[in-house]
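Have a look at the structure below, then the notes.
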Amino acid sequence: MIEQAKTLLKSVFGYDQFRPLQGEIIENVLGKNDSLIIMPTGGGKSLCYQIPALIFGGLTIVVSPLISLMKNQVEQLRELGVGAVLLNSSLFPAEYGWNVKQVEQGKVKLLYLAPESLLKPNMLAMLSSRQVDLLAIDEAHCISEWGHDFRPEYRQLIKARSLFPEAVCVALTATATPRVADDIKNSLALTASNEFMAGFNRENLFLEILPKDRPLDQTIKFVRKFPDESGIIYCSTRKQVDALYEALKEEGFSVRSYHAGMSDEERHKSQDLFIRDDVSIVVATIAFGMGIDKPNVRFILHFDLPKNIETYYQEIGRAGRDGLRSDCLLLFGSADLRTIRHFIREKEDHEQRLANIQLNAMLGFAETDVCRRIPLLNYFGEEYSAPNCNMCDNCLSPEKELVDITAAA
């Protein structure tokens, strides 16, 4: 079967060889062994279930939390000639009905669903007559209350496992601490202990953190280092996205905005222009970037402090997928802390405790005076002991004066 997988890798997806771990994972899945796959953004997780889906005789169900991510994958697969459909409420009734018919007629190899869509009685009734060989749970960290994006409906996916007992289950995520990984395995009752973890160290990413001081000027100065290159600027609010977008446009930059307050059409336009290199910069909230396969993103700028390390790591992971150097700058100010702590105080008590633990880890990373990769990788349970990475501000300027901005918070 692995030879068949190698043939499909070339004939369908156009790659000459597997990336690290891909071949081993695919062989494991084809052997009908449940698997947990923890692989950094851009590491090639999707192929780990897409290739087995083409080899298995039955249907593969892919569970994902984001419509935009599912649409991207379905479009890419269709362009490659693969039978893939999406079923959710965003579709026009005629398209939804056509997709259902394709599934019922056995013309579909991969069916993409949100967890709440999968668990609807009418959906389960339709799927009960199909042979389901593979259940792929993407963004599996959403299962865990200890993860950075907990979604209660993901906890219900164990029901799908019992309804499709013959299906092998694959859980995939780019960001899981050891505690989250254990939670995923327990929640999905993964029957085997097959856990595949690629290293979290993205060696080609330069990590830098600056005290936030005249952030618009800092942003313009940073972006000007990358003329005609692609980059993403993340802001914590829609209002900040709009203001920064207008300011950069005024400065003559090729820029688009992206946030949930825009129409679907406008968001898709921003995404498509960025992917095609027709626009260089996207200023966005965290909604942007999931599932986008763009190898040449040269910089990521965090205009505001992310609320946890998982979010930060996932977002910088959208840079440098081609293996070339990419720069990641975080602007860090006391006002960001006050904002995050304000929102934390509005949470339930148990959620407050977790959010504070995650925020403190983020602060530890931001304020460290050692190589930034040490606290970053340690957070994900990976030891890093190189004396100097030469790819972070602390390693290049070990004697620099550290600024503690939390005192004002």
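The values are calculated or read from the model by the stated rules, or taken from the named source; none is laboratory data. Being a predicted model, the structure only gives us computed values, none of them experimental. Don't worry about glycine lacking a Cβ; one is built from the backbone with ideal geometry, like all the others, and counts go over all protein chains shown.
I209 satisfies every condition listed in (1) touching a helix residue (DSSP H, G or I) at 6+ places or on another chain (Cβ under 8 Å); (2) under 13 Å from I37 (Cα atoms) except (2).
So that you can scan it fast, the table gives a plain yes or no per residue for (1) part of a loop (DSSP other than H, G, I, E, B); (2) crowded, with 17+ Cβ neighbours inside 10 Å; (3) in contact with an Asp or Glu (Cβ under 6 Å, 6 or more places away or on another chain):
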{"site": "P295", "(1), (2), (3)": "yes, no, yes"}
{"site": "E310", "(1), (2), (3)": "no, yes, no"}
{"site": "L337", "(1), (2), (3)": "no, yes, no"}
{"site": "K347", "(1), (2), (3)": "yes, no, no"}
{"site": "N356", "(1), (2), (3)": "no, no, no"}
{"site": "M362", "(1), (2), (3)": "no, yes, no"}
{"site": "V370", "(1), (2), (3)": "yes, no, no"}
{"site": "C389", "(1), (2), (3)": "yes, yes, no"}
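Output the residues belonging to region 31-49 that are more than 16 Å from F13 (Cβ to Cβ) and either in a helix (DSSP H, G or I) or not hydrophobic (A, V, I, L, M, F, W, C) (or both). Correct list: G31, K32, N33, D34, S35, P40, T41. Within region 97-141, the set of residues being assigned to a helix (DSSP H, G or I), under 20 Å from E153 (Cβ atoms) and of a type outside the set (G, A, S) comprises P115, E116, L118, P121, N122, M123, L124, M126, L127, H141. Selection within region 129-159: residues that are among the small types (G, A, S) and either modelled with pLDDT of 90 or more or under 30 Å from Y379 (Cα atoms) (or both). The member of this set that is surrounded by the most Cβ atoms within 10 Å (Cβ to Cβ) is A140.
Would you pick out the residues in region 268-281 that are under 17 Å from Q240 (Cβ atoms) and at pLDDT below 95?
Taking region 268-281 as the starting set, the residues that turn out to be under 17 Å from Q240 (Cβ atoms) are 270, 281.
Across region 268-281, the qualifying residue is only S270.
The lone criterion from (1) buried (at least 23 other Cβ atoms within 10 Å of the Cβ); (2) at pLDDT 90 or above; (3) not β-branched (V, I, T) left unmet by F196 is number (1). When S236 is tested against (1) of a type in the set (S, T, Y); (2) under 20 Å from A366 (Cβ atoms); (3) not in a loop (DSSP other than H, G, I, E, B), only condition (3) is not met. Go through the residues of region 273-293 one by one and say whether even a single one is closer than 20 Å to N204 by Cα and among the charged types (D, E, K, R). Scanning region 273-293 turns up at least one residue that is closer than 20 Å to N204 by Cα and among the charged types (D, E, K, R).
Yes or no, residue by residue, for (1) surrounded by fewer than 16 Cβ atoms within 10 Å (Cβ to Cβ); (2) under 27 Å from S129 (Cβ atoms):
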site	(1), (2)
F18	no, no
P40	no, no
G57	yes, yes
V62	no, yes
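If only residues of region 312-335 that are under 17 Å from the mean Cα position of the chain (by Cα) and either in a helix (DSSP H, G or I) or free of Cβ contacts under 8 Å to residues at least 24 places away in the same chain (or both) are counted, the one that is surrounded by the most Cβ atoms within 10 Å (Cβ to Cβ) is I316.
Can you name the residue in region 391-409 that is hydrophobic (A, V, I, L, M, F, W, C), modelled with pLDDT under 90 and not in a loop (DSSP other than H, G, I, E, B) and is also surrounded by the fewest Cβ atoms within 10 Å (Cβ to Cβ) among such residues? Can you show your working first?
At the first step, the residues of region 391-409 found to be hydrophobic (A, V, I, L, M, F, W, C) are 391-392, 395-396, 402-403, 405, 407-409.
Keeping just the survivors that are modelled with pLDDT under 90 gives 402-403, 405, 407-409.
From the residues that got through so far, the ones that are not in a loop (DSSP other than H, G, I, E, B) too are 407-408.
Details: A407: 7, A408: 10.
That would be A407.
Can you find even one residue in region 160-168 that is touching a Lys or Arg at 6+ places or on another chain (Cβ under 9 Å), over 23 Å from I292 (Cβ atoms), part of a strand (DSSP E or B) and in contact (Cβ under 8 Å) with a residue 12 or more places away in the chain? Among the residues of region 160-168, at least one is touching a Lys or Arg at 6+ places or on another chain (Cβ under 9 Å), over 23 Å from I292 (Cβ atoms), part of a strand (DSSP E or B) and in contact (Cβ under 8 Å) with a residue 12 or more places away in the chain, which makes the answer yes. Filtering region 258-281 for residues that are more than 24 Å from the chain's Cα centre (by Cα), more than 22 Å from F332 (Cβ to Cβ) and in a helix (DSSP H, G or I) leaves an empty set. I need the full set of residues from region 212-226 which are part of a helix (DSSP H, G or I) and among the acidic types (D, E), in order please. Within region 212-226, just D217 meets the criteria.
Of all residues in region 262-283, which are surrounded by fewer than 14 Cβ atoms within 10 Å (Cβ to Cβ) and either touching a helix residue (DSSP H, G or I) at 6+ places or on another chain (Cβ under 7 Å) or more than 24 Å from S90 (Cα to Cα) (or both)? Spell out how you get there, then give the answer.
Residues of region 262-283 surrounded by fewer than 14 Cβ atoms within 10 Å (Cβ to Cβ): 263-265, 272, 276-278.
Once the filter is applied, which keeps residues that are surrounded by fewer than 14 Cβ atoms within 10 Å (Cβ to Cβ) and either touching a helix residue (DSSP H, G or I) at 6+ places or on another chain (Cβ under 7 Å) or more than 24 Å from S90 (Cα to Cα) (or both), region 262-283 yields R276, D277, D278.
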